[in-house]
Amino acid sequence: MRSMEIEIKGRGLIHGIAEGEALVTSQPISFLGGVDPKTGLIIEKGHELEGSNISKKILIFPHGKGSTVGSYTLFAMAKNGTKPAGIINHKTEPIIAAGCAIAKIPLIDNLEIDPIKQIDNGDFVIINSSEGLIKFNKKET
Amino acid sequence: MKKRKSPSITKRESKTLYLTTEEEKILNRESGEAAATAMRLLVTMGEIFDADRLIPIISAQISGISYKTIGDAGLEFIQDFSRLGAKTSVYASMNPAGMDLDHWKEIGIPEDFAINQKKIISALNEIGVKSTCTCTPYLLERIPNYGDHLAWAESSAVIYANSVLGAMTNREGGPIALASAIIGKTPLYGFHIKNNRRPTLSIDVQCELKNELDFSLLGFYIGKKASEEIPFINLPTNLINNTCLKALGAAMATSGGQAIYHIKDITPESKDFKEDKLKEKITVERYELNKTKESLSQELDPDIVFIGCPHCNIEEIEEISKISRETRLVRKLYVCTSRHVWKTANSKGYIDEIEKAGGRVVKDTCMVVTPLERMGISRVLTNSSKAANYLPTLCKSKVYLRDLKGCMKYAIDGN
């Protein structure tokens, strides 16, 4: 049986369409030093996603943290083919926004719901940041 | 691509950011891929911060220059950007590199590091960024005027430009400042708007500040205590010069999020605001400065003395050269400055005096962005609380703090 598709509005920042499995954390992410651009693995010690691979995922987290050089890490991931398919933030900030702009990763924030609470790891998510919306299917259990 | 109407000004979606036809064309790649990327960066910042338009800037200061900081990821981005034909449209200067560009071998920089560092610099030069390699762009030939809009990265330069010069800039990150240098514009938000520069907190300093280290400690204390506030500072001292203001702001922007401070009767905008309207007041006495120092510094036997965070101005180099004259240093001394100030200092004979005594004046770089841990340096004596904050994590060094005179005494007699 097909699960229900939910559509939510938000603020599209880096325009494009992306789809993939959700990877969700309530903790901010530092891309400089926190993510390995060669593999796409989260390597920050003690992070709740430590050891998870963000490649081709719809990555959902509150906002970035750490050095502004983290923008370049996202760019390196785009070149290495390890970048996330799309990013959903609570409220994004310049590090993630600049990174998505140069890595061409669709980015949306300010959703009408809390994506971290409403979307689970493995849910199928479509970001259409050009239209300022996302759609998702709850994973069938 | 979305269809857009084409009157002279177009509204973007439901947002309030307006772009001119010219700006829309750049965004739609009519001026090439690199300019489009730069414009996309600025538009995104504008949308995040609810700017209503872009405004022209006078200059840009680019951070993220050292190979140690940006690594291969940053190097590749800058090289790609350069290959795509990115060109600056306003004066753009750059932060310190990871080494003296001319004398890297002499200071023990590994060759693989030097090769990558040079690639970063030449790609930036191709784009049009000048090899100023300093965190003190306000000491270069082009000093911004009161009211000028800038897009500066480097927090210590931002706070100096806003506070001491009365120019207007946000705290930009490296890639955004580069985008602004290319487009020649920045989104209108934050510290580009007079009302956002208003003080929010009164700081009453009740002890005498005796030297640049005291100013640096005061700055660090304020930043840590009130990271989000704009301080209005009352200072009971006659000793206020540009060296002290440089130290104060650099430290404040290190421990706090500050991009501006005001000092009563000293900084240019202090007269525009009334301090009695401020809701909260913090009193600072010697005790707070001592505590701050203890948190950053430990007594140890340093293997190097480092002065120049932020980069030394000509007055500091003059003082160091006077103290060094006809002495023989028993400890290593590194003085860091810009190549611009270095030239002036050299023509006045200051560099010779310092180097005759056994010290070294290093340009283009600073200890914090140098691969110290690969050069066998692990204990540093300095007069900068900004350096004291970063050296332990970025260079795995321990730090001892003294004022400039105290640092020089150690260099001369080992005590």
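Looking at segment A:28-39, is at least one residue in contact with a strand residue (DSSP E or B) (Cβ under 6 Å, 6 or more places away or on another chain), over 26 Å from B:MET45 (Cβ atoms) and not polar (S, T, N, Q)?
no
The rows are residues; the columns are (1) surrounded by fewer than 22 Cβ atoms within 10 Å (Cβ to Cβ); (2) modelled with pLDDT of 95 or more; (3) farther than 19 Å from B:ARG197 by Cβ; (4) among the charged types (D, E, K, R).
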residue: B:SER216; (1), (2), (3), (4): no, yes, yes, no
residue: B:ILE222; (1), (2), (3), (4): no, yes, no, no
residue: B:PRO231; (1), (2), (3), (4): no, yes, no, no
residue: B:LEU239; (1), (2), (3), (4): yes, no, yes, no
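Pick out, from segment A:1-42, the strands (runs of 3 or more DSSP E) lying fully within it that include 2 or more residues that are of a type outside the set (S, T, N, Q) and surrounded by fewer than 19 Cβ atoms within 10 Å (Cβ to Cβ). In segment A:1-42, A:5-9, A:17-24 are the strands (runs of 3 or more DSSP E) which contain 2 or more residues that are of a type outside the set (S, T, N, Q) and surrounded by fewer than 19 Cβ atoms within 10 Å (Cβ to Cβ).
If we keep just the residues of segment B:191-208 that are among the charged types (D, E, K, R) and within 25 Å of the chain's Cα centre (by Cα), which is farthest from B:ARG286 (Cα to Cα)? Among those that are among the charged types (D, E, K, R) and within 25 Å of the chain's Cα centre (by Cα), it is B:LYS194. Of the numbered criteria (1) of a type in the set (A, V, I, L, M, F, W, C); (2) touching an Asp or Glu at 6+ places or on another chain (Cβ under 6 Å); (3) closer than 15 Å to B:GLU106 by Cβ, the one B:CYS395 fails is (3). When we screen B:ARG83, B:ARG142 for residues that are at pLDDT below 95 and basic (Lys, Arg), the only hit is B:ARG142. Of the residues that make up segment A:74-92, is at least one among the aromatic types (Phe, Trp, Tyr) and either part of a loop (DSSP other than H, G, I, E, B) or closer than 17 Å to B:ALA179 by Cα (or both)? Checked segment A:74-92: at least one residue is among the aromatic types (Phe, Trp, Tyr) and either part of a loop (DSSP other than H, G, I, E, B) or closer than 17 Å to B:ALA179 by Cα (or both).
Kindly indicate whether any position in segment A:53-66 is touching a Leu at 6+ places or on another chain (Cβ under 7 Å), within 14 Å of chain B (Cβ to nearest Cβ), closer than 28 Å to B:GLU172 by Cα and part of a loop (DSSP other than H, G, I, E, B). Checking segment A:53-66: at least one residue is touching a Leu at 6+ places or on another chain (Cβ under 7 Å), within 14 Å of chain B (Cβ to nearest Cβ), closer than 28 Å to B:GLU172 by Cα and part of a loop (DSSP other than H, G, I, E, B). Among the conditions (1) in contact with a Pro (Cβ under 6 Å, 6 or more places away or on another chain); (2) surrounded by 24 or more Cβ atoms within 10 Å (Cβ to Cβ), B:HIS311 misses just one, which is (1). Only one entry of B:ALA35, B:ALA86, B:ALA73 meets the criterion of being part of a loop (DSSP other than H, G, I, E, B), farther than 24 Å from B:ILE193 by Cβ and either within 14 Å of another protein chain (Cβ to nearest Cβ) or of a type in the set (S, T, N, Q) (or both), and that entry is B:ALA86.
If you go through segment B:171-184 and keep only what is at pLDDT 95 or above and of a type outside the set (A, V, I, L, M, F, W, C), you end up with B:SER180, B:GLY184.
The values are calculated or read from the model by the stated rules, or taken from the named source; none is laboratory data. Because the structure is a prediction, the values reported are computed rather than measured. Counting neighbours? That spans all protein chains shown, and the Cβs are built from the backbone with ideal geometry, glycine included.
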